1. Per the 1.4 Å probe, what fraction of the accessible area of the range 184-242, in percent, lies on carbon and sulfur atoms?
2. Which of the trypsin sites (Lys or Arg not before Pro) found in the range 1-75 are in a DSSP loop and have at most 12 neighbouring Cβ atoms, other than their own, within 10 Å?
3. With an 8 Å Cα cut-off and a minimum separation of 6 or more residues, compute the relative contact order for the range 150-225 in percent.
4. I want to check the label-to-label distance for SER65 and GLN193. Put each point 7 Å from Cα in the C-beta direction and report it in nm to one decimal.
5. Below 8 Å between Cα atoms, with a sequence gap of 6+, how large is the relative contact order for the range 61-100 in percent?
6. Tell me, which longest segment in the chain has none of the GluC sites (Glu not before Pro) that fall in DSSP loops with at most 16 further Cβ atoms within 10 Å?
7. Sum up the lysine pairs in the chain that clear both bars: alpha-carbon distance under 28 Å and a spacing of 8 or more or different chains.
8. If you average the sequence gap of Cα pairs under 8 Å that are 6 or more apart and divide by the length of the chain, what percent do you get for the contact order?
Amino acid sequence: TRLTKEGSSGNIRALPDGSAIFTQNRVMGPDDLYRLDPRGRVRQLTNVNPALLAELDPVKLERFSFAGANGDKVWGIKVKPAGPQFAAANLPIAFLIHGGPQSSFGNGWSYRWNPRLFASPGYAAVAIDFHGSTGYGQAFTDSINKDWGGKPLEDLKLGLSHAIANDPQLDGNRACALGASYGGYMVNWIAGQWPARFKCIVQHDGIFDSRAMAYETEELWFTEQEFGGPPFDPAAMEVIERWNPVRFVQ
């Protein structure tokens, strides 16, 4: 049973009367507190930042879906400036790629990579919840396992093409790919696999050499989870090197 509508919800706390308190945020603003009553009705309890949010340039959000890798339904968002000066403008694209990889760039607020703030100066911020993203069932999330450069890259290609084909404001000739963490891995992977598509690539806090990352990380379980074993295991090594950006520097 779906309990909420727009936004990203979390931090739920059950109350003795059968209701619950939780937080919810959106691209348009950060967390506020909400109450879900025992009959499923939701009421907003706080409105913490209206004055600060009113200082931000207006944007508009649109969700879209398309057939991604394996023909699966994949979702994305577009966030565009909403000021009158942009009504007929061709918008360069900031193609934002989320980290994790088990994460999401859905309708949520970020203090680190914020689609609203990327869009407001005059960009169309486009983000795809590729295979491996959360919020679409465990099988979809797990499907990135041992396939870091496979289905996710296919989803990104198909999603960007879909967004451009269905929105005449998006200038496909002026696109920049940007990402951090796994998103940084992916833009390094793009640099070796799909470099002609973008005018620029921005990589922050990303993985350049997957094997080196496996030896350096303090999350010792991470490589075993994502690649099937530690970096000295032959089967895991095959997976690591198959999707290793450093192999495609040329």
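The values are calculated or read from the model by the stated rules, or taken from the named source; none is laboratory data. This structure is a prediction, so every number in the text was calculated from the model and none was measured. When we count neighbours, we look across all protein chains shown, and the Cβ atoms used for this are built from the backbone with ideal geometry, even at glycine. Surface accessibility is based on the protein's heavy atoms, side chains included, excluding ligands, DNA and RNA. Shrake-Rupley method; radii C 1.70, N 1.55, O 1.52, S 1.80 Å.
1. Working: 1760 of 3260 Å².
On the range 184-242, the fraction of accessible area on carbon and sulfur atoms equals 54 percent.
2. Details: sites: ARG2, LYS5, ARG13, ARG26, ARG35, ARG39, ARG41, ARG43, LYS60, ARG63, LYS73; in loops: ARG2, LYS5, ARG39, ARG41.
Answer in residue order: ARG2, LYS5, ARG39, ARG41.
3. On the way: 70 pairs, mean separation 19.6, N = 76.
That works out to 26 percent.
4. That separation, rounded to one decimal, is 2.4 nm.
5. Values: 25 pairs, mean separation 12.1, N = 40.
Over the range 61-100, the number comes to 30 percent.
6. Working: sites that count: GLU6, GLU55, GLU218, GLU219.
Looking at the chain, 56-217 is the longest stretch - no exposed GluC sites (Glu not before Pro) with at most 16 other Cβ atoms within 10 Å.
7. 21
8. On the way: 488 pairs, mean separation 37.2, N = 250.
Relative contact order for the chain comes out at 15 percent.
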